[in-house]
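Structure first, then comments.
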């Protein structure tokens, strides 16, 4: 198992702060979901004109870029909006090829009003095939996050079942599947061949809102999540995704990143190696 954190954890940090913290806390990688004000890193000089220097800084600290977290949503009725997302995919594939990134995360999205689930499923499958075709031969593949109206294993498999796991796979966001009524054991038993990347976080409910917490201090069954992954031989990435960018009340990264490292050492003993 390899450790990384999402830059949603640390929206105020500079790129150098992100790299320094990852290295200091024993990470092997960083999941980029924006840096500072810019959410799309392909628009930043550090990941375009200055990419060689950025990669040198990452290599110097032994860090990889395992997954690029895009804003692409499969269920999008407006064709012009989908065209923009195809262009976003192409930009990220070009970046992935230069950085050795294996995965591009996308969302299924919410089924819009006036569209049946069957219609949304057909649209999403068609568009997932388009994205998979863009990735072909690049060394990276699309991961569908368990999110929105595709949060449980059964819902995710509605879109993924026609694909081999090396064509399109899943990013298991443990919060969304659990909050939608599925136990970690059920998620992993049904979705395991497709799970290539995992986002963990913790939270508690307050008046229908989810308040981000440090791992183990909220309501999510994180130790069970890690246990079932270990039992099935999962050996890929575990990524901290405490969403400080979206929730100012979330723990500060100075606390959440080292606590994540300590939590994994406690509940996944091999993580200390």
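The values are calculated or read from the model by the stated rules, or taken from the named source; none is laboratory data. Owing to the predicted nature of the structure, the values given are computational and were not obtained by experimental measurement. No Cβ is skipped: glycine too gets one built from the backbone with ideal geometry, and neighbour counts run over all protein chains shown.
Against the list (1) touching a residue at least 40 places away in the same chain (Cβ under 8 Å); (2) surrounded by fewer than 20 Cβ atoms within 10 Å (Cβ to Cβ); (3) touching a strand residue (DSSP E or B) at 6+ places or on another chain (Cβ under 8 Å); (4) not in a loop (DSSP other than H, G, I, E, B), the condition residue 26 fails is (4). Scanning segment 29-45 for residues that are under 22 Å from residue 236 (Cα atoms) and in contact (Cβ under 8 Å) with a residue 40 or more places away in the chain yields 29, 31, 33.
Please tell me if residue 170 is surrounded by fewer than 17 Cβ atoms within 10 Å (Cβ to Cβ) and either free of Cβ contacts under 8 Å to residues at least 40 places away in the same chain or under 19 Å from the mean Cα position of the chain (by Cα) (or both). No, not satisfied.
The single residue among 125, 83 that is without any contact (Cβ under 8 Å) to a residue 24 or more places away in the chain, over 18 Å from the mean Cα position of the chain (by Cα) and either farther than 22 Å from residue 23 by Cβ or outside any helix (DSSP H, G or I) (or both) turns out to be 83.
Would you check if residue 75 is assigned to a loop (DSSP other than H, G, I, E, B) and within 21 Å of the chain's Cα centre (by Cα)? Criteria met by residue 75.
The test for being surrounded by fewer than 21 Cβ atoms within 10 Å (Cβ to Cβ), within 24 Å of residue 225 (Cα to Cα) and at pLDDT 95 or above does not hold for residue 175. So residue 164 ticks every box in (1) in contact with a helix residue (DSSP H, G or I) (Cβ under 8 Å, 6 or more places away or on another chain); (2) surrounded by fewer than 22 Cβ atoms within 10 Å (Cβ to Cβ) but one. Which box is left unticked? The one condition residue 164 does not meet is (1).
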